[in-house]
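For reference, the structure discussed in these notes is given below.
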Amino acid sequence: MNKTERINEFFKLIASIHLSDSSIEITPEMVYANIVEFGIREHSKNNVYFNEWRRNFKDVKNIHVFVSEVNPYFCQFVNNVSLDNNEEKFIKIYVPIDGKHINKAADTIFKFMAKKNIAHTSLVGSDERIDNIVIRVKDEKSARLIKQFIKNDPYIQEGLLPPNPFAIIDEGLAMAYDNKISYNKLVASYISSYLNDLKSKDNLETTNYVDFANYVIKKYNNTFVYCNELNDFIKEKNLYGDKEYIAKKLIEYVTVTKLLIDSLRNLGINEYMEYWHEINNRGYQKLLINDIIKNLENYYYTEEKGDKLSISEIDKILADAIAITCEKYDLSQATHALNEFINNNNVSYFTNDNDSREKIIKNVTVDDAKKLIKNLFDGELNLTEYVSYALNLDVLLQKQQILDNAALVTLQKYGDEQLCYALEQASKGNFQGFSRENRESLIRNIPPDEIPSFIEMTFKREGHDLKNSNEPLNQLYAKRI
């Protein structure tokens, strides 16, 4: 099956999942989960080899193999951790190896890389996926050396699975760029948007490779060239800050989207490397930043009209910094970082991955953070509780979206009285008051006893002082929707 056929097959898979059960929504998360498992015949666990790999590489020079306590789902293979602090984009190689061959294949590949002293930060996930082994290097010579080694190893070749059809494919390997955003997650968001667009027109069964390629190209032009959809894109991706900062973030989306378009045009490794060199050229980057800044000035942003962020936007920036710091280091480091910021206005203990420090400096004052935390926890500046809350914020926001979607449909169909009744009954375990379109998703994701406290938390993170309101919470929520 060639690339075009596999992409068409993938679209049919996603469409069939939704058409067989309409309560399963076509979200980026749902698409991503299916991309990384597409073509897997038998699911196996890679984490049974984690300890063995650590033992095998204990005395091997030029490589450090470890499993982080904060993120135990990956076994990491690293030579030169300072690569992560570099602003250049990684060459990212996905080796889609099956569960039967993963142990020996990983051992062979990484010992070869250690022998050649190749600088890299790589990993193997705990579950079998088409991105089983992910290798990240900083130069073309290393990438081609690794690719040639894998091509010439018969054991590895025997275990290769079909690669991700949405990536650049060469000799059975998938390739992408890697820096601040995930290639596969951005691809999943485009696929989700495309399929939901067809779904809204009752054309979900007409999905095809060419139509999707045209859709992505049109999205790229409307967002980054003509800027008709630039505002919506910036809001969707939660990009906050001055125009220089937003421009740098948009470059990530521009380059990764162009890579997806190149992949859909079936370009190969030579074109991939050519573009990789181009986007790492500082002169090219400067020109691109200047072009994007002009577009921001014309279509989105001027410093004079830049508004102060809302409390919920501040909450997301601070919570993301805590979560990323915890993931990279540990819980105590994340807690210490928040304490240092609140007590000493010092952001240096946060990781700067995903520009966390820069976002806080530009958008969050200590007073903002104190006000937010006190509002969330009934007047108490409870930093420990806020850290726990921050680590779960993405889940809370997903639940908020699910509840908001169900509430909006119910409100539009039946009015605010019905919505208030539906919320009251749902908190007692009866979800029948909600319109049936979103009911199943609501039942699956939000337990009845969590609904009142969840609605209350939603208001608090938006900066509302509920102590001074005599109006019932459900009525306030109906007005908010």
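Bear in mind that the values in this text are calculations on the coordinates, not laboratory data. Please read these numbers as outputs of a predicted model, since none were measured by experiment. With ideal geometry, Cβ positions are generated from the backbone for all residues, glycine too; neighbour counts draw on all protein chains shown.
Spacing of the modelled spin labels on Lys151 and Glu297, each 7 Å from Cα toward Cβ, amounts to 4.7 nm.
For the stretch 38-49, putting each phi into the Karplus relation 6.51 cos²θ - 1.76 cosθ + 1.60 with θ = phi - 60° gives couplings of 5, x, 6, 8, 10, 8, 9, 9, 8, 5, 5, 9 Hz, in residue order, rounded to whole numbers and with x for Gly and Pro. The per residue volume of the convex hull around the alpha-carbon atoms of the stretch 47-161 is 99 Å³. Computed from label points 7 Å out along Cα-Cβ, the spacing between Asn34 and Asn71 is 2.7 nm. Per the Cα gyration tensor, the stretch 394-480 maps to an equivalent ellipsoid with semi-axes of 19, 15, 12 Å, ordered largest to smallest. Look at Arg282, Arg439, Arg144, Arg461 and count the other Cβ atoms within 10 Å of each Cβ; fewest to most, that gives Arg282, Arg144, Arg439, Arg461. Compared with the dominant principal axis of the Cα atoms in the chain, helix 282-299 is inclined by about 20°. Highest mean packing first, where packing is the average number of other Cβ atoms within 10 Å per residue, the peptides 159-172, 31-44 line up as 159-172, 31-44. Dividing the helix sum by the residues of the chain, where each DSSP H run of 4 or more adds -39500 (n - 2.57), gives a mean residue ellipticity at 222 nm of -18000 deg cm²/dmol. The spacing between the stretch 83-152 and the stretch 247-298, judged by their C-alpha centroids, is 24 Å.
Coupling constants for the stretch 268-278 follow from the phi torsions by the Karplus curve (6.51 cos²θ - 1.76 cosθ + 1.60, θ = phi - 60°), and in residue order they are x, 5, 5, 5, 4, 5, 4, 5, 4, 4, 5 Hz; glycine and proline get x.
Using the Stokes-Einstein relation with a Kirkwood hydrodynamic radius computed over Cα pairs, the translational diffusion coefficient of the stretch 333-481 at 37 °C and a viscosity of 0.692 mPa s comes to 193 µm²/s. Here the stretch 173-213 is scanned for amide nitrogen atoms under 11 Å from the site 7 Å beyond the Cα of Asp21 along Cα-to-Cβ, giving none. Pairs from the table (Lys115/Lys248; Lys147/Lys237; Lys258/Lys316; Lys185/Lys467; Lys428/Lys479; Lys374/Lys399) lying more than 32 angstrom apart at Cα are Lys115/Lys248; Lys147/Lys237; Lys185/Lys467. With bins 10 Å wide beginning at 0, the percent of Cα pairs of the stretch 311-391 falling in each bin runs 20, 62, 18, 0. Each distinct pair of alpha carbons in the chain adds a 1/r term; the inverse of their mean, the Kirkwood radius, is 24.7 Å.
Computed from phi, the 3J(HN,Hα) profile of the stretch 344-359 under the Karplus parametrisation 6.51, -1.76, 1.60 (θ = phi - 60°) reads 10, 6, 10, 9, 5, 8, 6, 5, 9, 4, 6, 6, 4, 5, 4, 4 Hz, with x in place of Gly and Pro. Sorted ascending by nearby beta carbons within 10 Å, beginning with the fewest, Leu397, Leu13, Leu338 become Leu13, Leu397, Leu338. Note on Tyr329, Tyr226: ascending count of other Cβ atoms within 10 Å places them as Tyr226, Tyr329, the fewest first. How big is D for the stretch 138-213, in µm² s⁻¹ as a whole number, if Stokes-Einstein is applied with the Kirkwood radius of its Cα pairs at 4 °C and 1.567 mPa s? Approximately 86 µm²/s, per Stokes-Einstein.
Only the Cβ atoms of Lys and Arg (+1) and of Asp and Glu (-1) were treated as charged; on that basis the dipole of the chain about its Cα centre amounts to roughly 1120 debye. Our estimate of slack between Lys180 and Asn445, defined as 0.36 nm per intervening residue step minus the Cα-Cα distance, is 92.5 nm. Subtracting the Cα-Cα distance of Lys58 and Leu397 from their residue separation scaled by 0.36 nm leaves 117.9 nm. Between Asp404 and Thr108, residue separation times 0.36 nm minus the direct Cα-Cα distance comes to 101.6 nm. Between the stretch 329-346 and the stretch 1-51, how many Å separate their Cα centres? So the separation of the two Cα centres works out to 39 Å.
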